[in-house]
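J.: Here it is, the structure in full.
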C-alpha cells in the first residue's frame, strides 16, 4: 500500500511542477489584461476571456496545491462579473493574482502578508515614517516634458539621484545600478512601439519600468506594452500615486542568488550568509544545475565554483554569457587555484569577480553587494 | 452491488483531466477515459458505456448541463457527477434535480477524490436499486 502511496505522491508532485511552469502563460495573459485596464482600454471581449481564465484557475489552483491562486482568481472572476466593469478594480485584482503566481513560481509558497501601505512623499506629516530608500542609488527617466520633470523631482529628488534621457534611443544603463526606470510615452522619441527595444537593452532587462501616458482607451498603446513587463500609469498622475506605484514596483523586485558548488558545506555556508541579507537562494551542485536554475529564475547574481562536475565552471560561465537571457547576470567565480593567469582567463570570459578559496563567506556577500550596488 | 470500474472524465482543462486520471487510476484503481468536451463525450458514448461520468459544468461549446441533456435525449442513462467551481446551494439542487447523482466542487482535494466518487456512487445505488 505504501509504495502505491509514494508513487501517487510523486506523480502528483510531477503534475504540480508542470502546473507551476504553466503559470508563466497565465502571467502573460494577466499582463495583457492589466495593460488594457490601466490604459482604460478594457473591452467586453478581453474581460470575457479573462473571466474564463479566472474560472479555470479557481478550479485548478487549489486542486494542484496552490490555494492562493484559487482564492485570488475568485476575486478576479467576481470583479469581472461586475456591471458596469471597473477597469481599475479589475487591474488591482489581476495584479494581486499575478503577484501570487509569481510568488509560487519563485518560492513554491504563497506570498507573504501584503507590505505596509505606501507613503506620501509630498504630503508627509511629521509623524509619518521615513520613506523606504530606493533599492539602488538612481532612477532613470526618459522624457522631454517639463511637467514630467517637475513630477519626478517632487516625488524622488529628495531620496534618489535622477538621470534623465530625452529619448529611448539615447537611454543606456548607467555605470552604477539603477533601481527604477520611468518613461513618458507621450514624449517624441519614446514611442510605445520602442518599448521592446528598450527592454532588450543591456542592463535594462531587469529594471522595474513605469510608463506614463495620457492616451486613454488606446488599444494600440496597450498592445505595445504587453509583453514588455512594465506598468502603465494614465495621466494625470498625482505625486502620491507615482510614489505608491514606484514603491510597489521596487518591493516586488527581490534579490536572488544561484550558488553553485559541489561541496555541500560551501553551499550551506554561503546560503546562510546570503539569507541574512534577504536573498532568495537557489542551490546547485553541478554545472548543469547552475544553468537550469539560472535560466529558470534569472537571479540577481550567480556564485559559481570553478571546479564542478558535469559542466565545469569556466564552461558554465561561457554558456551564461552566450545566452541573451542570462548574460547580464553578474557571476562571482570561486576557485581554489589563485594563479593570476587563471583569474584573468575568468575575467576575460566575463566573470565579474574572482574569489580564492578558502574564503570568508562575508567576503563573498560583500563583493556581491558591491557588484549589485547595494548598501553594506 | 454493481461494481464501479470504468469512469469517463469530461473536462476541457488538461490539468484537471490529468489530476483526475491520476487520482482515480492510481488511488482509486479505476479505469479512466477522458474527453475534452461535450461533443467528444457524446461520440465516445456512441461506442463505449462507462459505469460513471464525471462531467465538468463550465466548458466552451456544449457545457455540462447541455451535454447531460443531450445524453438523456439519446436515452443514455449512465450516472453523472458534475464538477464545478460554482457551488452555491441553489445550483447544486438544480443539478440534482436534473438527475445527477452528485456534485464534486472544484477545487477538490486530490487525496480524497477517489473515496468521494465511491461514496457518491454508493449513495446513488442505494437510491435506485438495480440488478444484483
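Results for (1) in a loop (DSSP other than H, G, I, E, B); (2) at pLDDT below 85; (3) closer than 26 Å to residue A:37 by Cβ, shown as yes or no for each residue.
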| site | (1), (2), (3) |
| --- | --- |
| A:162 | no, yes, no |
| A:203 | yes, yes, no |
| A:212 | no, no, yes |
| A:215 | yes, no, yes |
| A:221 | no, no, yes |
| A:237 | yes, no, yes |
| A:242 | no, no, yes |
| A:248 | no, yes, yes |
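J.: Residue check, residue B:61 against (1) within 14 Å of chain A (Cβ to nearest Cβ); (2) over 24 Å from residue A:12 (Cβ atoms); (3) within 11 Å of the chain's Cα centre (by Cα), all met but one. Which one?
T.: Going through the list (1) within 14 Å of chain A (Cβ to nearest Cβ); (2) over 24 Å from residue A:12 (Cβ atoms); (3) within 11 Å of the chain's Cα centre (by Cα), residue B:61 breaks only (3).
J.: Also, I was wondering about something else. Could you list, in sequence order, the residues of segment B:38-58 that are over 12 Å from the mean Cα position of the chain (by Cα) and either within 14 Å of chain A (Cβ to nearest Cβ) or under 28 Å from residue A:5 (Cα atoms) (or both)?
T.: B:58
J.: Hey, does segment A:306-313 have a residue that's part of a helix (DSSP H, G or I), in contact with a helix residue (DSSP H, G or I) (Cβ under 8 Å, 6 or more places away or on another chain) and at pLDDT 85 or above?
T.: Yes, segment A:306-313 contains at least one residue that is part of a helix (DSSP H, G or I), in contact with a helix residue (DSSP H, G or I) (Cβ under 8 Å, 6 or more places away or on another chain) and at pLDDT 85 or above.
J.: Which of the helices (runs of 4 or more DSSP H) found entirely inside segment A:1-101 contain at least 3 residues meeting this: closer than 22 Å to residue B:58 by Cα and free of Cβ contacts under 8 Å to residues at least 12 places away in the same chain?
T.: Correct list: A:44-63.
Condition check ((1) assigned by TED's automatic domain parsing to the domain that holds residue A:307; (2) outside any strand (DSSP E or B); (3) touching a strand residue (DSSP E or B) at 6+ places or on another chain (Cβ under 7 Å)) across all residues:
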site: A:327; (1), (2), (3): yes, yes, no
site: A:332; (1), (2), (3): yes, no, yes
site: A:337; (1), (2), (3): yes, yes, no
site: A:343; (1), (2), (3): yes, yes, yes
site: A:346; (1), (2), (3): yes, yes, yes
site: A:364; (1), (2), (3): yes, yes, yes
site: A:367; (1), (2), (3): yes, yes, yes
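J.: Exactly one condition in (1) at pLDDT 95 or above; (2) within 14 Å of another protein chain (Cβ to nearest Cβ) is false for residue B:88; which is it?
T.: Every condition holds for residue B:88 apart from (1).
J.: Something else about it: Based on this model, can you work out whether residue A:269 counts as touching a residue at least 60 places away in the same chain (Cβ under 8 Å), more than 26 Å from residue A:105 (Cα to Cα) and not in a loop (DSSP other than H, G, I, E, B)?
T.: In short, no.
J.: Only one of these conditions is not met by residue B:72: (1) at pLDDT below 95; (2) within 14 Å of chain A (Cβ to nearest Cβ). Which number is it?
T.: (2)
J.: Which of (1) surrounded by 15 or more Cβ atoms within 10 Å (Cβ to Cβ); (2) modelled with pLDDT under 90 does residue B:131 not meet, given it meets every other one?
T.: (1)
J.: Is segment A:171-185 home to any residue that is surrounded by fewer than 20 Cβ atoms within 10 Å (Cβ to Cβ), outside the structural domain of residue A:41 (by TED's automatic domain parsing), modelled with pLDDT of 85 or more and more than 22 Å from residue A:99 (Cα to Cα)?
T.: No, segment A:171-185 contains no residue that is surrounded by fewer than 20 Cβ atoms within 10 Å (Cβ to Cβ), outside the structural domain of residue A:41 (by TED's automatic domain parsing), modelled with pLDDT of 85 or more and more than 22 Å from residue A:99 (Cα to Cα).
J.: Let me ask another. If the requirement is being buried (at least 22 other Cβ atoms within 10 Å of the Cβ), more than 14 Å from chain B (Cβ to nearest Cβ), under 29 Å from residue A:299 (Cβ atoms) and modelled with pLDDT of 90 or more, which of these qualifies: A:73, A:50, A:35?
T.: A:35 is the lone residue from the list that is buried (at least 22 other Cβ atoms within 10 Å of the Cβ), more than 14 Å from chain B (Cβ to nearest Cβ), under 29 Å from residue A:299 (Cβ atoms) and modelled with pLDDT of 90 or more.
J.: Now for a separate question. Any chance you could count how many residues in segment A:277-305 are part of a helix (DSSP H, G or I) and in contact (Cβ under 8 Å) with a residue 24 or more places away in the chain?
T.: Number of matching residues: 8.
J.: A further question on this structure: Does residue B:73 meet the test of being over 30 Å from residue A:5 (Cα atoms) and surrounded by 14 or more Cβ atoms within 10 Å (Cβ to Cβ)?
T.: The answer is no for residue B:73.
J.: From the list B:27, B:11, B:15, exactly one residue is farther than 19 Å from residue B:102 by Cβ, within 14 Å of another protein chain (Cβ to nearest Cβ) and touching a helix residue (DSSP H, G or I) at 6+ places or on another chain (Cβ under 6 Å). Which is it?
T.: B:15
J.: Out of the residues in segment B:105-117 that are part of a helix (DSSP H, G or I) and exposed (fewer than 15 other Cβ atoms within 10 Å of the Cβ), state the one that is farthest from the other protein chains (Cβ to nearest Cβ).
T.: B:115
Residues are listed down the side, and each one gets a yes or a no for (1) surrounded by fewer than 21 Cβ atoms within 10 Å (Cβ to Cβ); (2) under 19 Å from the mean Cα position of the chain (by Cα); (3) closer than 29 Å to residue A:23 by Cα:
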residue: A:271; (1), (2), (3): yes, no, yes
residue: A:275; (1), (2), (3): yes, yes, yes
residue: A:310; (1), (2), (3): yes, no, no
residue: A:320; (1), (2), (3): no, yes, yes
residue: A:328; (1), (2), (3): yes, yes, yes
residue: A:348; (1), (2), (3): yes, no, no
residue: A:353; (1), (2), (3): yes, no, no
residue: A:360; (1), (2), (3): yes, no, no
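J.: Still on this model: Under the condition of being in a loop (DSSP other than H, G, I, E, B) and either without any contact (Cβ under 8 Å) to a residue 60 or more places away in the chain or not assigned by TED's automatic domain parsing to the domain that holds residue A:182 (or both), which residue from segment A:223-235 is farthest from residue A:181 (Cα to Cα)?
T.: Selected residue: A:235.
The values are calculated or read from the model by the stated rules, or taken from the named source; none is laboratory data. Given the structure is predicted, the values throughout are model-derived calculations rather than measurements. Glycine gets a Cβ as well: all are built from the backbone with ideal geometry, and neighbour counts include every protein chain shown.
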